[in-house]
Each structure stands twice: as structure tokens, then as C-alpha cells.
């Protein structure tokens, strides 16, 4: 059924306009070896995306641009990275529109665990997040290095967002294999895990694991709606209505105009839409 009008939307993958791509993606370029990624791409997965939004006007305020886009497309609240000056400003000036997410790195050991606890206290962090294949060195999702962070998320009662599936940037994929999550869910049954960036080509396995593990969820980040995996749509329309959460990709790879326009053709059942757009996020992140 078409997306109902006037439903509030919570976006679990949104950022501010990127004014300096070289600086923003410098750490990811350290992990690629091919010359095209190193020298030609402004965006690490540029070969996968067309018409990446990047023109904002001279001296434009990134926070105001983002709020204007959110208002235009009915996004009530969105995740925000507080590890930039403008991100902190967005959280301080607009606490009713943005909530904080903390990026974590298991390679930092207990230093990273203590930092997560500190960030949670200072910024009221609602979720942790890690892009495992972008780490140096990479860390498998079920590696023992992750376990202190998983335990801390359980203590803090926050979910962790984990990229799963073949990564867009030209990195090795093994560390993000969906099968790794089976062990993590078994050992940490209280940990709420939300997968990011599709889980492809193992989306059928992701569905099987979500059926198996109550606290495993799926977010639609980095996918234009016309490319949402059929297995995920079918799951949401049957037994998985409480397990699939909306996440966009503005402005990293997709415009909100494209996302919301294509969203009209996603064949979710009427009862799925409010859960997908905001209710599941409210519950999983305890917003």
C-alpha cells in the first residue's frame, strides 16, 4: 500500500552537508588500495551512487539546510554525529529534532569503552555505531575485541548499529558477514543490534536470524527504496513488522527527495508503515 501521508518519520541514518569530502573520508581512504578510490572518488562508494547531493550554496549553514530538508519531507527526528562542531551545535540548539549516536572502535580496548560511557553521560547517546570493515585493522563482528563494547551497550541500555554485508567502499567483506551475528546474539541476548547497509548478499540469512533472535533488527540505510531487498519487504509484511526500521542516507549518497519519492512505491502493508517509519525506532532506541 502507498505510504500514508502525515506519519512522523525518524531517520536513523542522516548527517549534515559535507563541505570537505577529503577531510571527512580521509580515514576510510587509508583502507583502500586501488588508485580510483584513492585519487578520483570524493565519496568512498562513489561508483554505486549517482547524483549525490553536494551543492548547498556559499556560506550555507549545514544545520539549517538539514532542518529545512527534514521539514520538507516530514522527518520529525534524526540521528546526529556529535563528533563534529556542527553536529554538537545541532544537538544543543535543536534537542527536539536530533539525538546522539556514538561511533565506537573495538581496537581502542577499554579506552573506547570508557569513552562510550563518557559520551553517553554527556550527550545522552541513544545508540552506538560501528563500521567494522572501515576500521584499521578490520574487526569481525563476533571478534572478542567487540565484546567489552557489547557489554557496555547492555549496561547503558542502548542498541548498537553494525554495518553488515558487502561494504560499498573497496574493502574486504569478511568481517561484516551476517553469520557472525549469530554468535553475538547468542552470547548477548539482551543486546539490541540493528544492522545497517543492507546485509547483501545475505539478506535471506538476516531474515532467518531475525526470526531466531528477538533483539536483532534491520535498518534500510544506504538503499534507495526501489532497491530495498525483496526478502526484507516480505519479512516486514509478515512476521517482521516490528523488526525493520527506516534509515536513509542523506547527504552521503542519497537525497531525501529521491528517498521519499521512491518510498511511495514500496509495497508495505498499511499496518507496517507506522512501525517502519517511527514506532520501531522509538521502541528500540527508547526515544
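Brief remarks on what is shown
- Listed from fewest to most Cβ neighbours within 10 Å, the set 150, 218, 47 follows the order 47, 150, 218.
- Note on the stretch 5-131: Rg/Rh from Cα positions, Kirkwood definition for Rh, rounded to two decimals, is 0.99.
- When you restrict to C-alpha pairs under 8 Å that are six or more residues apart and normalise by the size of the stretch 62-116, the relative contact order lands at 29 percent.
- Here is how the number arises for the chain: DSSP H runs of 4 or more residues each give -39500 (n - 2.57), the sum is divided by the residue count, and the result at 222 nm is -8500 deg cm²/dmol.
- In terms of surrounding Cβ atoms within a 10 Å radius of their Cβ, 199, 175 rank from fewest to most as 175, 199.
- Cα-derived Rg over Rh, computed across the stretch 203-287 with Rh taken as Kirkwood radius: 0.95
- Alpha-carbon spread of the stretch 185-224, three principal axes, descending order, Å: 32, 16, 12
- Alpha carbon convex hull of the stretch 92-224, projected area averaged over orientations, nm²: 8.5
- For the stretch 241-287, fraction of C-alpha pairs farther apart than 16 Å, in %: 45
- Against the empirical curve 2.2 N^0.38 Å, the C-alpha radius of gyration of the stretch 142-209 lands at a ratio of 1.09.
- Looking at the chain, the pairs of alpha carbons with a distance over 29 Å make up 29% of the total.
- With contacts taken as Cα pairs under 8 Å and at least 6 residues apart, the chain reaches a relative contact order of 24 percent.
- Order of 125, 207 - criterion: other Cβ atoms within 10 Å of each residue's Cβ, fewest first: 125, 207
Read the figures in this text as sums done on the coordinates, not as results from a lab. Just so we're clear, the structure is a prediction, and the values are computed from it rather than from any experiment. Here the Cβ is made from the backbone with ideal geometry for all residues, glycine too, and neighbour counts use every protein chain on show.
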